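I'd like to ask some things about the structure below.
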Amino acid sequence: MRSKLFAAGLIGLLSLVSPSAAFAHGDITQTLPAADSKVLSAPIEVSIQFDGMLETLGGAAVNSITVTDNQGQIISSPQSVVVGSKITNRLQLTDITGLVSVHYRIVSEDGHPVEGDYSFTVGETPMLTSAVIEETSIEMPRWYEGKGRSLATAVGIIIVGLALVIVRRSKK
């Protein structure tokens, strides 16, 4: 019984403490331009910030952003640039109006591919709310990085401690 409880506690601790398994899901934290926003002119580049580092596999282009105009024509560069948890792609054509679609495909630090789409509109008067959204896009401050891992470590230690207390009481 004691060894089973210890093993369960250890497995729980490892699943909580392992940063790549527990916290890296490839969720978007910020897009520029903001998703569903309206901008007066096309941006020079489109970027997406994720909640974890993006993987690179021996120089292969596994992370990409493809931007298309309202006619379905690709208006972005063939190569995207990845720096840490941010991916960026320059637009080759910026004299556009209408709906612009952004398709992304990334490999998050947990090794899973993630892909999705969002859009923004070029050439319409921006609404006040979209300007506010762009300026207040959520980006976690540097001091916050790693806080989730610290919490998971603390919870894991508590679980192992409780398992040990239960084992000791069951011996008596």
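Each reported figure results from applying straightforward, stated rules to the coordinates on display, with no laboratory input. This structure is a prediction, so every number in the text was calculated from the model and none was measured.
Quick check: residue separation of residue 36 and residue 60 times 0.36 nm, minus the Cα distance between them. What number comes out in nm? Walk me through the numbers before you get to the answer.
Numbers: separation 24, 0.36 × 24 = 8.64 nm, distance 3.07 nm.
The residue 36-residue 60 span can extend by a further 5.6 nm.
For segment 27-80, what class follows from the C-alpha gyration tensor (a ≥ b ≥ c being the square roots of its eigenvalues): rounded when a/c is under 1.5, otherwise prolate if a/b is larger than b/c, else oblate? Before the final figure, lay out each step's value.
Details: a/c = 2.73, a/b = 1.38, b/c = 1.97.
The shape class here is oblate.
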